[in-house]
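Okay, structure first, notes after.
Taken together, the values in this text are just the output of simple stated rules run on the coordinates, not laboratory data. Bear in mind that the values here come from a model prediction, so they are computed numbers and not experimental data. Here the Cβ positions follow ideal geometry from the backbone for every residue, glycine too, while neighbour counts run over all protein chains shown.
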Amino acid sequence: MNNAIEILVIDDESQIRKLLNITLGSNDYKVKEAINAREGLLIAANHPPDLILLDLGLPDESGHVVLEKLREWYTKPIIILSVQSNEENIVKALDAGANDYLVKPFRTGELLARIRSLLRNHLTESESPIIKSNDLEIDLSLRIVKKNNEAIKLTATEYNLLALLIKNEGKVLTHQYLLRAIWGPSYINQSQYLRVYIAQLRKKIEDDLNKPLHIITESGIGYRFV
Amino acid sequence: MAAISFSLSSFIGYKVVAFLLLVTVSLIAMFFDIAPVLLAAFISAMVWNYFFIPPRFTFAIQDSDNVILFSMYFIIALVNGALTFKIREVEKKENKKIEKENTLKLYNTLLNSLSHELRTPISTIIGATDTLQDVNNKLSADNKSELISEISKASLRLNRQVGNLLNMSRLESGFLQPKTDWCDVNELVYDVVNQLQDNLQGKKIDVKILENLPLVKLDYGLLEQVLFNLVHNATIYIPENGIITISVFINKDKKLLIVVEDNGNGFPEKEILHVFEKFYRLKNSKTGGTGLGLSIVKGFVEAMNGSVILENRKGGGAKFTVEIPAEITHLKDIENE
């Protein structure tokens, strides 16, 4: 398996590294391990992996710093793993260029799903203008959204919001990011717009409004399209 | 004080003034540290000498009686100051001791409930892994997967308890600052219900939310935890096939009201007042539980300037009413932009 997808795990806890090694290894990923920030940066630079799992609480340097250093040149996906569940920390990491985050303890199924979706996005970027996700289909060139092959009517803002979320499938987009991108920089504190439009979008694209399957709320952080 | 005495000096003798000044020094000693107290004592002696002992407005003292009087005043003022301060110190120590005893008692309760609440899942995990690792066992595939799912359940339970403890310490630290933002309460309620899916098996949940509920500005995470704890609590104590009802509406005072009701046995009237106390467990209640859940509810609700009330329903069952004052905005205003 020479062309297996490589994942670099930067975490100081040996139990977590072992768990990830077994889980990822048995799903046909090739795993490399680093036990601290210095080693992680070194391995990443010597032989850039396809994806990095980064722990925020490293012994020698904060994961936030490592993230910044990596993002100076590394463009592939980075997922943050952290025991710190406070929203500020997560938003900070996402704004600094992390593609996703998972709070420890995490479910392995969840982790694998996030890895798959990030890798898929990264590989298929700028390909066909049609994106499919289960019962939804969106044609970015014609600006048409279909659910179960039936076109649904969306307002311009609703469409822009949905298109942005779909283009970043699997990735959490922070409230501020969405508000800035859709409504403009002066709206970044007007989260009520976002709430209303998300609710309207869900009415149109979700089967059960109260059990959303496409637009997932990340409380205090943002939204994710799956 | 000296100024008042000065204005009265025509009516009262300078010896009376000395007593007034001494009272002042004692009062100062009750509130300030030792250094300012001694300084105050010293200044008061000087002030007395300068302004009151004849000849006034000089530091000189002519009368030999007055010299003795002055030196006595000087010493008494200093000793008085120092003694009052000492008494205060002793009192402080006593208070600290009582406080320490209370904390100790609290810690004991905590340790008792914790050791049960944490050890049970840990024993499950250790026991199950031992059995699974045993080379000679003849476990059926079914039993194996059962054991594994028990490990998983136990870990989730551990994780929830750790979450509770962290929330408690967030409250204890007194630095809990709600971060308010516009919330879709409808979404929040269903979010909690979906999270508790596993616990709700065999029980019915009924959600009644005001149609066109406006957006409410509050801390999503805190309210989510409040509702989670209330519903989770209900799922533990109601019988099989029980019904939990969650109702959400805005009342006349524009406050957000969330009511969580169940048709279980309710709470003994005598204990209703105590259920929100930290580590309080109902008498005769099942084992398990740390007595933290409801105290976190109360703490979080109060952090949001709200209140929570528990009553028993007339037909049986408990009814929790959470009331939170919050800014609201009507969706229609935005839709019609």
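Out of every Cα pair in chain A, what percent are spaced more than 26 Å from each other?
When every Cα pair of chain A is considered, 40 percent fall beyond 26 Å.
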Phi-derived 3J(HN,Hα) across region B:235-240 with the Karplus relation (6.51, -1.76, 1.60, θ = phi - 60°), rounded Hz, x for Gly and Pro, is 5, 6, 9, 8, x, 3
Cβ-Cβ cut-off under 9 Å around residue B:327, Lys and Arg +1, Asp and Glu -1: the net charge is +2
Give A:146/A:167; A:92/B:298; B:255/B:298; B:179/B:217; B:203/B:314 a once-over and call out the pairs whose C-alpha atoms are over 19 Å from each other.
-> A:92/B:298; B:203/B:314
Which of the trypsin sites (Lys or Arg not before Pro) found in region A:1-110 are loop residues per DSSP with 15 or fewer other Cβ atoms within 10 Å of their Cβ?
-> A:107
Straight-line reach check, residue B:97, cutoff 23 Å on alpha carbons, 8 or more apart in-chain or any other chain, hits among lysines -> B:86, B:105, B:278
Could you work out how far helix B:14-31 tilts from the main Cα principal axis of chain B, as a 0 to 90 degree angle to the nearest 10?
-> 20
MRE, 222 nm, helices only [DSSP H, n ≥ 4, -39500 (n - 2.57), over chain A, to nearest 500] = -12500 deg cm²/dmol
Just add up the charged neighbours of residue A:169: K/R +1, D/E -1, any other residue whose Cβ is under 9 Å from the Cβ of residue A:169.
-> +4
Roughly how many whole Å is it from the C-alpha centroid of region B:228-259 to that of region B:87-141?
-> 30
With a ≥ b ≥ c from the Cα gyration tensor eigenvalues, square-rooted, and the rule rounded for a/c under 1.5, otherwise prolate when a/b > b/c and oblate otherwise, region A:5-124 is rounded
Its Cα gyration tensor gives region B:181-335 an equivalent ellipsoid whose semi-axes in whole Å, largest first, are 27, 17, 14
Rounded tilt (10° steps) of B:141-173 against the dominant C-alpha axis of chain B | 20
Taking Rh as the Kirkwood radius, which is the inverse of the mean 1/r over Cα pairs, what is the Rg/Rh value for chain B?
-> 1.27
Amide H proximity to residue B:205 below 5 Å, modelled H, separation 5+ or other chain, gives B:244
Going by a ≥ b ≥ c, the root eigenvalues of the Cα gyration tensor, does region B:1-175 fall in the rounded group (a/c under 1.5), the prolate group (a/b larger than b/c) or the oblate group?
-> prolate
Lys and Arg at +1, Asp and Glu at -1: neighbours of residue A:12 with Cβ under 13 Å from its Cβ sum to -3
List the trypsin sites (Lys or Arg not before Pro) in region B:210-300 that DSSP assigns to loop (not H, G, I, E or B) and whose Cβ has at most 10 other Cβ atoms within 10 Å. Which are they?
-> B:252, B:283, B:286
Taking Cα pairs under 8 Å and at least six residues apart, what relative contact order does chain A come out at, in percent?
-> 13
When all C-alpha to C-alpha distances in the protein assembly as shown are sorted into bins of 10 Å, what percent of pairs does each bin hold, rounded to whole numbers?
-> 3, 13, 18, 19, 16, 10, 7, 7, 4, 2, 0, 0
Of all stretches in chain B that avoid chymotrypsin sites (Phe, Trp or Tyr not before Pro) placed in a DSSP loop and having at most 13 other Cβ atoms within 10 Å, the longest is B:176-337
So which chymotrypsin sites (Phe, Trp or Tyr not before Pro) in region A:69-104 end up in coil per DSSP with only 16 or fewer other C-beta atoms within 10 Å?
-> A:73
Relative to the compact-globule scaling 2.2 N^0.38 Å, provide the ratio for the alpha-carbon radius of gyration of region A:130-225.
-> 1.01
If r is the Cβ-Cβ distance from residue B:328 to residue B:166 and R0 is 30 Å, what FRET efficiency results, to the nearest 0.05?
-> 0.50
Anisotropy class of region B:144-227 from Cα gyration tensor, a/c 1.5 cut = oblate
